[in-house]
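Structure first, commentary second.
The values are calculated or read from the model by the stated rules, or taken from the named source; none is laboratory data. Please read all numbers here as calculations on a predicted model, not as lab measurements. Counting neighbours? That spans all protein chains shown, and the Cβs are built from the backbone with ideal geometry, glycine included.
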Amino acid sequence: MSVRYGVMGAGRQGTAAAYELAANGQASRVTLFDLDEEAARSAAARVDRLIGRTISAWQKLDVQDQEAVETALNQIDAAISAVPYFYNLELTRAAIKTKTHLTDLGGNEEVVAAQFDLNEDACRAGITIVPDCGMGPGATGSLAAYGVSLMDEAQDVYIWDGGLPQNPEPPWNYQLTFHVNGLTNEYFGEATFLRHGRFVTVPTFSEYELVEFPPFGQLEAFVGSGGTSTALKAYAGKLRTYENKILRYPGHREQFRAFKLLGLFELEPVSVGRHQIIPRDFFHALLEPKIKAREDFRDVCLIRVIVRGLKNGESQEYWADLVDRYDERTGFTSMERLTGWHAALMLEFAARGRAKMGVHGLETAVDPADFITEMKRRGFAITERLSPKPASAEP
């Protein structure tokens with residue numbers, strides 16, 4: 001079986017996704033679409049160079065032009081949206097109209113909810129739509145779903161994850177490997193968790209703790225928004241607890257919490273002299289040049305998942321640590337790999353008929369054991385254990 005794939009957006013994660021599709025997706029062709037012709041051309045050339053054969057194509061595309069998008073999707077069987085989240089709903093409608101499988105990198109829970117409303121249309125079209133793939137949510141949710149599947153009765157899920165520089169440099173000790181708006185979105189507003197079987201909202205930057213994560217020592221963890229995503233729909237009424245926290249080097253939380261308290265994440269314009277300025281735009285203009293990853297950047301992504309429940313009538317705990325570093329062979333950062341490859345792998349399952357038809361969250365779209373097996377085959381190092389839960393265990 002050969003598949004014609006397309007990737008909307010030829011940036012960091014889109015290029016990484018295209019490579020995974022070309023390398024492992026039984027692709028006959030992978031087309032990179034972007035409004036920037038040079039970006040699309042360069043990304044296609046890089047994929048071909050890494051694969052060692054010509055498999056990629058490129059095409060200029062404005063994803064705001066619905067007719068052009070439908071024309072593009074009619075050329076392919078399955079596509080990834082690696083463009084900003086606010087285009088994903090219209091891309092979903094176009095995918096349904098053209099009967100094209102689609103995964104995306106998400107980024108906004110309201111958009112994802114609107115995509116789920118199109119489930120019946122996607123089923124009638126005979127396609128799979130999986131929103132909000134990536135690292136977290138994404139790989140975090142897939143690993144958690146695997147842990148849940150190991151229990152006869154899963155009860156509690158706790159997740160910690162973060163993308164960090166291997167060699168942190170003060171004063172930030174952080175470098176950005178994705179769009180700066182994604183970082184601000186994580187830190188703005190509130191998170192929604194399952195606790196005691198009910199939905200609760202928790203402020204970002206709250207519930208601070210220190211987490212020991214060998215070999216990186218103590219990392220700080222705190223609440224960020226968006227990490228639970230489609231898991232809440234999947235596990236409502238089934239789990240007692242589902243929550244996650246962001247991992248950073250110590251000191252990061254207080255820096256960025258101060259920016260939030262100052263109002264720099266807000267979207268309502270403020271008057272500065274005779275000008276109206278959106279605080280978040282101003283913040284991004286100042287911050288991004290200081291923390292944007294350099295060409296020689298080496299990162300590491302960390303995920304810890306703990307799932308507790310009952311198995312064979314006994315309390316059990318599944319513990320998994322995923323540690324992934326910059327790939328020296330391909331030049332992809334770990335964030336690019338975990339984000340782009342997760343969306344690509346989910347799309348491969350859909351294209352091969354191994355995913356449910358309709359709009360599904362990553363937790364339920366595919367068999368979690370099969371998905372984690374494929375992640376391991378791609379070199380993601382996961383340390384796991386399933387053991388009796390200590391009587392005094394706390395997350």
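Here are the numbers:
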read-out: Any hit, segment 337-355, residues being among the polar types (S, T, N, Q) and in contact with an Asp or Glu (Cβ under 9 Å, 6 or more places away or on another chain); value: no
read-out: Any chance Val323 is in contact with a Phe, Trp or Tyr (Cβ under 7 Å, 6 or more places away or on another chain) and not charged (D, E, K, R); value: no
read-out: Residue identified as among the charged types (D, E, K, R) and closer than 30 Å to Glu317 by Cβ among Arg257, Arg274, Arg240, Arg280; value: Arg240
read-out: Residue check, Trp160 in contact with a strand residue (DSSP E or B) (Cβ under 6 Å, 6 or more places away or on another chain) and assigned by TED's automatic domain parsing to the domain that holds Asp296; value: yes
read-out: Identity of the residue in segment 195-207, within 23 Å of the chain's Cα centre (by Cα) and part of a loop (DSSP other than H, G, I, E, B), that ends up surrounded by the most Cβ atoms within 10 Å (Cβ to Cβ); value: Thr204
read-out: One residue from Ala57, Ala114, Ala122 being in contact with a Leu (Cβ under 8 Å, 6 or more places away or on another chain), among the aliphatic types (A, V, I, L, M), assigned by TED's automatic domain parsing to the domain that holds Arg12 and farther than 25 Å from Gly182 by Cα; value: Ala57
read-out: Residues satisfying the stated conditions in segment 152-194, i.e. out of contact with any Asp or Glu (no Cβ under 8 Å at 6 or more places or on another chain), buried (at least 19 other Cβ atoms within 10 Å of the Cβ) and under 18 Å from Ala369 (Cβ atoms); value: Ala154
read-out: Options Ser2, Ser81: the member that is in contact with a strand residue (DSSP E or B) (Cβ under 8 Å, 6 or more places away or on another chain), at pLDDT below 95 and at negative phi; value: Ser2
read-out: Residue ID - surrounded by the most Cβ atoms within 10 Å (Cβ to Cβ), chosen from residues in segment 216-243 that are outside any helix (DSSP H, G or I), touching a strand residue (DSSP E or B) at 6+ places or on another chain (Cβ under 9 Å) and without any contact (Cβ under 8 Å) to a residue 60 or more places away in the chain; value: Gly224
read-out: So Glu169, is it outside the structural domain of Ile96 (by TED's automatic domain parsing), free of Cβ contacts under 8 Å to residues at least 12 places away in the same chain and assigned to a loop (DSSP other than H, G, I, E, B); value: yes
read-out: Which numbered condition Thr103 misses (of (1) crowded, with 20+ Cβ neighbours inside 10 Å; (2) over 17 Å from Gly14 (Cβ atoms); (3) not small (Gly, Ala, Ser)); value: (2)
read-out: Residue match in segment 99-119 (condition: closer than 22 Å to Ser56 by Cβ, modelled with pLDDT of 95 or more and of a type in the set (Val, Ile, Thr)); value: yes
read-out: Tabulated pairs, segment 186-198, first outside the structural domain of Arg308 (by TED's automatic domain parsing), second among the acidic types (Asp, Glu) and not in a strand (DSSP E or B), C-beta under 9 angstrom, 6+ apart or interchain; value: none
read-out: Selected residue (criterion: farthest from Val112 (Cα to Cα)) from residues of segment 125-156 that are under 14 Å from the mean Cα position of the chain (by Cα) and outside any helix (DSSP H, G or I); value: Gly134
read-out: Any hit, segment 308-330, residues being within 25 Å of Arg29 (Cβ to Cβ) and either under 18 Å from the mean Cα position of the chain (by Cα) or not acidic (Asp, Glu) (or both); value: yes
read-out: Selection count, segment 115-151, where residues are of a type in the set (Phe, Trp, Tyr) and surrounded by fewer than 24 Cβ atoms within 10 Å (Cβ to Cβ); value: 1
read-out: Which numbered condition Asn312 misses (of (1) surrounded by fewer than 18 Cβ atoms within 10 Å (Cβ to Cβ); (2) of a type in the set (S, T, N, Q); (3) in contact with a strand residue (DSSP E or B) (Cβ under 6 Å, 6 or more places away or on another chain)); value: (3)
read-out: Which numbered condition Leu287 fails, given (1) touching a Leu at 6+ places or on another chain (Cβ under 9 Å); (2) at pLDDT below 95; (3) surrounded by fewer than 18 Cβ atoms within 10 Å (Cβ to Cβ); value: (3)
read-out: Within segment 183-208, considering residues that are touching a Ser or Thr at 6+ places or on another chain (Cβ under 9 Å) and at positive phi, the one modelled with the lowest pLDDT; value: Gly189
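Condition check ((1) closer than 27 Å to Ile129 by Cβ; (2) at pLDDT 95 or above; (3) touching a helix residue (DSSP H, G or I) at 6+ places or on another chain (Cβ under 8 Å)) across all residues:
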{"residue": "Met346", "(1), (2), (3)": "yes, yes, yes"}
{"residue": "Ala365", "(1), (2), (3)": "yes, yes, yes"}
{"residue": "Pro368", "(1), (2), (3)": "yes, yes, yes"}
{"residue": "Glu384", "(1), (2), (3)": "no, yes, no"}
{"residue": "Pro388", "(1), (2), (3)": "no, no, no"}
